Amino acid sequence: MQMANFASRSIASAGYADGKLVIEFRGGGAYQYDGVPASIASQLFFSASKGRFYQAFIKGKFPCIRIR
C-alpha cells in the first residue's frame, strides 16, 4: 500500500487499498480501518483539515485494529 505523507498536526500519513485505510498518527501508532468506502478515503486525502475529517467521518465509524 502506498502511503501519502501529510502536513497535518495529528496525522502523519495514510494509505488506502481494497477498502482498507491505514492511518499513521504523529503521536505514535498506526491503525487499519476496514470497510472504508473509496469516497471517504479520497475526501480524507483532499481535506484541508485531516484531523477534523478523521474525527467527524472515520473515528468510531469503521472497525479498526492497531498495526504499529
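Within segment 15-41, which residues are under 11 Å from the mean Cα position of the chain (by Cα) and either on the phi > 0 side of the Ramachandran plot or free of Cβ contacts under 8 Å to residues at least 24 places away in the same chain (or both)? Give the derivation first.
Filtering segment 15-41 down to residues under 11 Å from the mean Cα position of the chain (by Cα) leaves 15-16, 20-25, 30-34, 36, 40-41.
G15, K20, F25, I40 - these are the residues of segment 15-41 that are under 11 Å from the mean Cα position of the chain (by Cα) and either on the phi > 0 side of the Ramachandran plot or free of Cβ contacts under 8 Å to residues at least 24 places away in the same chain (or both).
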Just name the residue that is nearest to the chain's Cα centre (by Cα) out of those in segment 42-57 that are small (G, A, S) and more than 18 Å from M1 (Cβ to Cβ).
G51
Only strands (runs of 3 or more DSSP E) wholly contained in the chain count here; list those with 3 or more residues that are at pLDDT 95 or above and surrounded by 12 or more Cβ atoms within 10 Å (Cβ to Cβ).
11-17, 20-25, 30-34
Right, S42: out of contact with any helix residue (DSSP H, G or I) (no Cβ under 7 Å at 6 or more places or on another chain) and of a type in the set (S, T, N, Q) or not?
yes
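The values are calculated or read from the model by the stated rules, or taken from the named source; none is laboratory data. On a predicted model such as this, the values are computed, not experimentally measured, just so you know. Neighbour counts run over all protein chains shown; Cβ positions are idealised from the backbone, glycine included.
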